[in-house]
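This report refers to the structure that appears directly beneath it.
The values are calculated or read from the model by the stated rules, or taken from the named source; none is laboratory data. No experiment lies behind these values; they were computed from the predicted model shown. Cβ atoms come from the backbone with ideal geometry, glycine included; neighbour counts cover every protein chain shown.
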C-alpha cells in the first residue's frame with residue numbers, strides 16, 4: 001500500500017511538472033499545441049499546459065547587442081574604410097519573429113547584420129573620406145538606423161540603435177593619407193616661412209631706412225650745433241681781440257706753444273728771432289710786433 005502511494009505521488013509530481021511552466025518577466029513566450037502557435041506573449045507567472053500536446057518556447061525580451069565584425073566600405077571617391085560598428089535590437093513581435101526566423105536568434109542576427117551592412121555601404125558611398133572620418137559619423141548612423149529599422153520590422157525585431165565604434169583606414173590608404181597630410185603640412189610651413197622672411201625683409205628695410213634718416217638728422221643737427229659753436233667762438237675771439245689786443249696775442253702764442261710742445265721728442269728748426277719765439281725773449285712781445293687777425 002505504501003509503495004502504491006509513493007508511486008502515485010511520484011506520478012503526480014511528474015504530471016504537475018509537465019503540466020506547469022513559469023513565464024519570467026524578462027522573457028517572451030510562445031505556447032504551441034501540436035506544433036501550431038496557440039498563444040503569444042503570455043503574462044509573467046505560473047501557467048498550465050497539456051503534457052505531450054503543448055510545448056513552450058521562450059525568447060529574450062531584453063535589448064540585445066549585435067556585434068558585427070569590422071567590414072570594408074567604399075566612400076564616394078572609391079576609398080576603402082574599415083568600419084567597426086554594433087547594433088542594439090529587441091524582439092518586438094514574437095509571432096512575426098518566429099515566422100521569419102523560426103525562432104532562431106542567430107539567424108535573426110545574421111539577417112540583421114546583412115541589412116546593416118547594406119545600409120552602411122549605401123550611406124558611406126554618399127560621402128567623401130574626409131567627411132566620414134571627421135564630421136558625418138552621426139549622420140551616417142542615424143540614416144542607417146532609420147532605413148534598417150523598417151526592414152527589421154519584417155523580422156519582428158525593433159532596431160533600437162546603431163553605433164560606429166571606430167573607422168580605420170587600410171594600410172595602403174593610411175600611408176597615402178599620411179603622405180598627403182605631411183605634404184600639406186610642409187606646404188603650410190613653407191608658406192609661413194616665406195611670409196615670415198618677407199615680413200623680416202620689410203622690417204629690416206624699414207629699420208635701415210629709419211637708421212639712415214636718424215643718422216642724417218643727427219649729422220645735420222650736429223653740424224648746425226657745431227656751426228653755431230664755431231660762430232660763437234669766433235664772436236668771443238673777436239670780442240676778446242677787441243678788448244685787449246696784447247693779451248689776445250699772448251694767449252694765442254700760449255695755445256701755439258701748448259699744441260706744438262707736446263710729446264717726448266719735439267724738434268724745431270727755426271730762427272731764434274722768429275715770430276714764434278717773440279714771447280721767449282720779451283714777455284711783453286713788443287719786439288717786431290706784427291698785426292694778428294682773430
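Checking each residue in segment 149-164 for being free of Cβ contacts under 8 Å to residues at least 40 places away in the same chain and either surrounded by fewer than 18 Cβ atoms within 10 Å (Cβ to Cβ) or touching a helix residue (DSSP H, G or I) at 6+ places or on another chain (Cβ under 6 Å) (or both) picks out 150, 151.
So that you can scan it fast, the table gives a plain yes or no per residue for (1) under 30 Å from residue 170 (Cα atoms); (2) assigned by TED's automatic domain parsing to the domain that holds residue 109; (3) out of contact with any helix residue (DSSP H, G or I) (no Cβ under 9 Å at 6 or more places or on another chain):
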{"site": "24", "(1), (2), (3)": "no, no, yes"}
{"site": "32", "(1), (2), (3)": "no, no, yes"}
{"site": "38", "(1), (2), (3)": "no, no, yes"}
{"site": "50", "(1), (2), (3)": "no, no, no"}
{"site": "55", "(1), (2), (3)": "no, no, yes"}
{"site": "84", "(1), (2), (3)": "yes, yes, yes"}
{"site": "88", "(1), (2), (3)": "yes, yes, yes"}
{"site": "93", "(1), (2), (3)": "no, yes, no"}
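Annotation note: Cβ proximity below 6 Å between a residue of segment 101-127 that is more than 24 Å from residue 78 (Cβ to Cβ) and in the same structural domain as residue 72 (by TED's automatic domain parsing) and a residue that is modelled with pLDDT of 85 or more and assigned to a loop (DSSP other than H, G, I, E, B) (sequence gap 6+ or interchain) occurs for 108/155.
Taken over segment 54-82, the residue count meeting the criterion of being over 26 Å from residue 105 (Cβ atoms) and in a loop (DSSP other than H, G, I, E, B) is 5.
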